[in-house]
Structures are given as structure tokens and as C-alpha cells.
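A short write-up of the structure that comes next.
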């Protein structure tokens, strides 16, 4: 399944485009957060490492279509 098709399916199932991601500072959690941020989702992020989470959050904020606070 392509990334855009996967996001289309998620958007249909979650029309408000809100997600809470655990493990958001690295790996799959970070990758998912970046993709959703580019598609203008509102995100709640959680990780055990506050420092790495701040870095991931900054990357998501500076992604091409960030519409967060």
C-alpha cells in the first residue's frame, strides 16, 4: 500500500485528523508523526525521552504543511 493511499484511508476513518502517537521520538512513531504532520493532522506526542521528543516535535513543526500551535 502506498503512503498516500494509507493516509487517505486514515483520513476517511478519522475525519477530524487527530492522532496520539506513542514512541514519537524515533523509529516508526517519528516517521508516522512526520507523515501526518505533512498532511496537517493535529498530533499528541509521547515518548520516554523528553529531549528526543522535543527534536521530533521540531521536525514535525517544520515539515512542509504543519498547521499546529
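So that you can scan it fast, the table gives a plain yes or no per residue for (1) at pLDDT 95 or above; (2) in a helix (DSSP H, G or I):
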{"residue": "9", "(1), (2)": "no, yes"}
{"residue": "25", "(1), (2)": "yes, no"}
{"residue": "40", "(1), (2)": "no, no"}
{"residue": "51", "(1), (2)": "yes, yes"}
{"residue": "69", "(1), (2)": "no, no"}
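Please go through the range 16-31 and give me each residue that is touching a residue at least 12 places away in the same chain (Cβ under 8 Å), out of contact with any helix residue (DSSP H, G or I) (no Cβ under 6 Å at 6 or more places or on another chain) and under 13 Å from residue 59 (Cβ atoms), ordered by number.
Selection gives 26, 29.
The values are calculated or read from the model by the stated rules, or taken from the named source; none is laboratory data. Model, not experiment: these values are computed from the prediction. Note: ideal-geometry Cβ built from the backbone for every residue, glycine included; neighbour counts use all protein chains shown.
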